[in-house]
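Student: Dumping the structure here so I can ask a few things about it.
The values are calculated or read from the model by the stated rules, or taken from the named source; none is laboratory data. Computed from a predicted model, the values in this text were never measured in an experiment. With ideal geometry, Cβ positions are generated from the backbone for all residues, glycine too; neighbour counts draw on all protein chains shown. For the accessible areas, the whole protein counts, side chains as well, though only heavy atoms, and no ligand, DNA or RNA atoms are used. Shrake-Rupley method; radii C 1.70, N 1.55, O 1.52, S 1.80 Å.
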Amino acid sequence: MTSSSLRKLGSSDLEVFPLSLGGNVFGWTADEAASFAVLDAYTAGGGNFIDTADSYSAWIEGNQGGESETIIGKWVKARGNRDDVVIATKVARHPDFRGLRAANIKAAADASLQRLGTDYIDLYYTHFDDDETIPVDEIIGTLDELVKAGKVRNIAASNISPERLQESLDFSDREGLARYVALQPHYNLVSRDTFEGARQDVASRAGLGVVPYFALASGFLTGKYRPGVAVDGQRAANGAGKHLETERGRKVLAALDEVAEAHGAEVATVALAWLAAQPTVTAPIASARTVEQLPALLAVAELELTDAEIARLTAASA
């Protein structure tokens, strides 16, 4: 991995590959062996930024939550590469550790550390700010304690309102406590309203590194969803194909096809490259169930779109 392919994450000291590998499929649609193969191929291709959450994949019958962290922890131990990878995980949604009360954050962090088999988390997100009755001083104060204890290197937020995000940043600055360095919003070519505007403004002012999830719209932006083409699989059932029914979705596909052809690139690579070129975005997140799905994701590090191509895609997705 060349240092030139790495990007600084916000105001942190973390340097990350411009494609974060989503761990939501580990222990769900990818078993342990498949997950190890994907992780090996991702790091062999220069990747170093792995994203997971303590709740992955509690939604599967028979799972408890923490399956993804456990697989990542076993892989890191087997490869002996803890210092070479940046591991991001999240708190608030594990069935046994719901919410952002101080005691819960501390207990959840310890449980994550145990599953990951490590004594520090590089980037620790509040997964959902879904209980706005909890004051930001309790949340930030607790996260600051984890940083001071050496259990967490950097803190970040996901699924948070612009107002609460700003309030949290202001509190950190005022009290001299650990401060969010990154934001993980829902953001892609067919879902722009969730981030652009107030959230993007806060991220830009605060110098946050933005790490968008659903970067490929649950697979829609890979180009495999086409009119009249039946697609099997979990994500088709989860509605990736719904974008085909919108004019925006069809326009975006047409623009992606055009730009991909010009570069001899995969549609998914172009969709990720558009995202990576947006102001404040450091590294989109995308997951792979198989090694075969990885090259199109890793290629984002090499693909540079022209200003005209970015404008073409932006207009198609308006």
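Student: Among the helices (runs of 4 or more DSSP H) confined wholly to the range 149-242, which include 2 or more residues that are at pLDDT 95 or above and surrounded by fewer than 21 Cβ atoms within 10 Å (Cβ to Cβ)?
Tutor: Per the criteria, 162-175, 198-206.
Student: Being in contact (Cβ under 8 Å) with a residue 60 or more places away in the chain and out of contact with any helix residue (DSSP H, G or I) (no Cβ under 8 Å at 6 or more places or on another chain) is the filter here, so list the residues in the range 181-202 that pass it.
Tutor: Of everything in the range 181-202, those that are in contact (Cβ under 8 Å) with a residue 60 or more places away in the chain and out of contact with any helix residue (DSSP H, G or I) (no Cβ under 8 Å at 6 or more places or on another chain) turn out to be VAL181, ALA182, GLN184, ARG192, GLN200.
Student: Only residues in the range 102-124 that are under 12 Å from ILE72 (Cβ atoms) count as the first member; pair them with residues that are of a type in the set (S, T, N, Q) and part of a helix (DSSP H, G or I), Cβ under 7 angstrom, at least 6 apart or cross-chain, and list the lot.
Tutor: Every condition considered, the pairs that remain are ARG115/THR70; ILE121/SER112.
Student: Pick out the one residue from ILE71, ILE60, ILE50 that is closer than 20 Å to ALA283 by Cα and either open to solvent by less than 30 Å² (accessible area, probe 1.4 Å) or assigned to a loop (DSSP other than H, G, I, E, B) (or both).
Tutor: After ruling out the rest, the residue left standing is ILE50.
Student: Scan LEU298, LEU275 and give me the residue that is among the hydrophobic types (A, V, I, L, M, F, W, C), in contact with a strand residue (DSSP E or B) (Cβ under 7 Å, 6 or more places away or on another chain) and open to solvent by less than 50 Å² (accessible area, probe 1.4 Å).
Tutor: Criteria check complete, one pass: LEU275.
Student: Suppose we filter LEU221, LEU253, LEU303 for residues that are touching a His at 6+ places or on another chain (Cβ under 7 Å) and farther than 23 Å from THR89 by Cα; which single one remains?
Tutor: LEU303
Student: Please enumerate the residues belonging to the range 110-142 that are more than 22 Å from GLY209 (Cα to Cα), of a type in the set (A, V, I, L, M) and not in a loop (DSSP other than H, G, I, E, B).
Tutor: Scanning the range 110-142 gives ALA111, LEU113, LEU116.
Student: Just give me the residues in the range 201-216 being within 27 Å of LEU294 (Cβ to Cβ) and hydroxyl-bearing (Ser, Thr, Tyr), in sequence order.
Tutor: Matches in the range 201-216: TYR213 only.
Student: From the list ALA102, ALA78, ALA107, pick out the single residue that is at pLDDT 95 or above, surrounded by fewer than 22 Cβ atoms within 10 Å (Cβ to Cβ) and closer than 19 Å to ARG179 by Cα.
Tutor: ALA102
Student: Say we look at the range 262-272 and pick out the residues that are surrounded by fewer than 24 Cβ atoms within 10 Å (Cβ to Cβ) and among the aliphatic types (A, V, I, L, M); which of these is nearest to ASP51 (Cα to Cα)?
Tutor: The selected residue is VAL267.
Student: Sticking with this one: (1) within 18 Å of the chain's Cα centre (by Cα); (2) open to solvent by 20 Å² or more (accessible area, probe 1.4 Å): which one isn't true of ALA33, the others all being true?
Tutor: It fails just one condition, (1).
Student: Select from the range 36-81 the residues that are aliphatic (A, V, I, L, M), over 23 Å from VAL300 (Cβ atoms) and under 20 Å from the mean Cα position of the chain (by Cα) and list them in ascending order.
Tutor: Residues satisfying the conditions are ALA58, ILE71, VAL76.
Student: So, of the residues in the range 1-12 that are open to solvent by 10 Å² or more (accessible area, probe 1.4 Å) and in contact (Cβ under 8 Å) with a residue 24 or more places away in the chain, which turns out to be farthest from GLY65 (Cα to Cα)?
Tutor: Among them, the one singled out is THR2.
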